[in-house]
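Q: Let me begin by handing over the structure; questions about it come next.
The values are calculated or read from the model by the stated rules, or taken from the named source; none is laboratory data. The structure presented is a predicted model; accordingly, all values stated were derived computationally and were not measured. Note that each Cβ is placed from the backbone with ideal geometry, even for glycine, and that neighbours are counted across all protein chains shown.
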């Protein structure tokens, strides 16, 4: 097999100053052993150095694996990502102006690969307008060292768009499960296809090389054509992992689970019931916005509770989707985040964002961290703490109905839900509704201009954006507007003329009967 080479030889294909694109979502389709070898080579020899690295989703285990393993000063010159995956080495370099870095929407980056694969130089989209990705704000630049404009504001037929530069890719680093002697790559044990094919095609369109890490080497006579995800014509070199359990995990939490790979389904999975607390009150109020037979994207944290409430209430037909490309089933969290069991289908991540971008979702439920008086949201950066936007911008700028879910304050908040009322036992230490926010990850102005239906649901009240600012429209029974809401915000919201009382069923330990209302 001519394409099978050693990891040392594969690293030798990467030259100083090259632009790399790496596939993956957490550790799914991540060629981690390649990344370890790149890092070790740089530490031992100083090469390859001055790399430009592109990745769509966060790559790693949110600690010390993945991109982290070659995130050294001098090794990476420029880092373009949708999410930082808690890569503290990289985050420290960004904060210290030791690396150039851009944070673009996850879907935009995946579409940049698609554009380059087709020989096109740009992605023209409205995704990112009026957020920090807009050059009128920061153009996605994450520090002072980052000066080159990779996104431009343009106008076509009287409409504003952002024009993102598609990179020329010298080396695509991807992962599959199995390769034959021709370099045909299958993904029968992966949790999703992610962006491996798009990266491979983009690298070949750039005149670059593609390195594929696999677990198995087999004869082409044993591979079903329908299983091939990346054809061998796009693959220059294949490396076989030396330790699959360590370097070729399906997810950070699972080495290999056939349920996650989609080969089997199980009746044992169900959404967990929730205790009646602040999180469930929010999830219940959010679930009141659901209809039967809808396609949904859920953010992590409190939004995940919406599916639990919908299941408990007997709301049928909710089809859940994940940015990684999975449709249907039960999305998994924690160290299996980005994967699912019992899913109906798995799309390439780029195709999933096609679906999101044209408004395919009926509704999305997402969290929020900081909100300003106009209803703009920051979920991407907080001083030296850098998370990244992930798919948040793609989804919130494309979906007609958006419900932002979160507590009014954070850090030690304690509430009691009793007799159809809410009581604040201990207020959270940190206010989330602030006069200014560091980054605009969601633009309320963009949402209003595009006719989005948006709600901010907390455990004690509900807000709705308007052209004049956030409007308080609902208040929980037992809550004092001045003491429990306004005093816990660093700005005063607009008070609606007819503030409604939140449904008392939200605060009672019994089914709400939502299925009867739909």
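Q: Working carefully through the options 203, 192, find the one that is assigned to a helix (DSSP H, G or I) and touching a strand residue (DSSP E or B) at 6+ places or on another chain (Cβ under 6 Å).
A: Being assigned to a helix (DSSP H, G or I) and touching a strand residue (DSSP E or B) at 6+ places or on another chain (Cβ under 6 Å) holds for just one of 203, 192, which is 203.
Q: Shifting gears a bit: Residue 37 - would you say it is in contact (Cβ under 8 Å) with a residue 24 or more places away in the chain, surrounded by fewer than 24 Cβ atoms within 10 Å (Cβ to Cβ), in contact with a helix residue (DSSP H, G or I) (Cβ under 6 Å, 6 or more places away or on another chain) and more than 19 Å from residue 149 (Cα to Cα)?
A: Taking the combined requirement at face value, the residue satisfies it.
Q: I need the full set of residues from the range 354-384 which are in contact with a helix residue (DSSP H, G or I) (Cβ under 6 Å, 6 or more places away or on another chain), outside any loop (DSSP other than H, G, I, E, B) and more than 15 Å from residue 303 (Cβ to Cβ), in order please.
A: Scanning the range 354-384 gives a single hit, 356.
Q: Mind listing just one residue for me: the one in the range 470-504 that is part of a helix (DSSP H, G or I) and surrounded by 15 or more Cβ atoms within 10 Å (Cβ to Cβ) and, of those, farthest from the chain's Cα centre (by Cα)?
A: 481
To keep it simple, each residue is scored yes or no on (1) within 21 Å of residue 279 (Cβ to Cβ); (2) in contact with a strand residue (DSSP E or B) (Cβ under 6 Å, 6 or more places away or on another chain).
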| residue | (1), (2) |
| --- | --- |
| 394 | no, no |
| 400 | no, no |
| 407 | yes, no |
| 410 | yes, yes |
| 423 | yes, yes |
| 428 | yes, yes |
| 438 | no, yes |
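One line per residue, one yes/no per condition, for (1) assigned to a loop (DSSP other than H, G, I, E, B); (2) under 15 Å from residue 77 (Cβ atoms):
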site: 90; (1), (2): no, yes
site: 101; (1), (2): no, yes
site: 110; (1), (2): no, no
site: 114; (1), (2): no, no
site: 124; (1), (2): no, no
site: 129; (1), (2): yes, no
site: 136; (1), (2): yes, no
site: 149; (1), (2): yes, no
site: 155; (1), (2): no, no
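Q: State whether one or more residues within the range 13-20 are in contact with a helix residue (DSSP H, G or I) (Cβ under 6 Å, 6 or more places away or on another chain), crowded, with 23+ Cβ neighbours inside 10 Å and either part of a loop (DSSP other than H, G, I, E, B) or in the same structural domain as residue 141 (by TED's automatic domain parsing) (or both).
A: For the range 13-20, residues in contact with a helix residue (DSSP H, G or I) (Cβ under 6 Å, 6 or more places away or on another chain), crowded, with 23+ Cβ neighbours inside 10 Å and either part of a loop (DSSP other than H, G, I, E, B) or in the same structural domain as residue 141 (by TED's automatic domain parsing) (or both): absent.
Q: Is it true that residue 69 is assigned to a helix (DSSP H, G or I) and surrounded by fewer than 24 Cβ atoms within 10 Å (Cβ to Cβ)?
A: Yes.
Q: So, one more: I'm checking my understanding of the structure. Among residues of the range 53-66 that are at positive phi and assigned to a loop (DSSP other than H, G, I, E, B), which one is surrounded by the most Cβ atoms within 10 Å (Cβ to Cβ)?
A: 60
Q: Is at least one residue of the range 28-49 within 18 Å of residue 239 (Cα to Cα) and assigned to a strand (DSSP E or B)?
A: Yes, because at least one residue in the range 28-49 is within 18 Å of residue 239 (Cα to Cα) and assigned to a strand (DSSP E or B).
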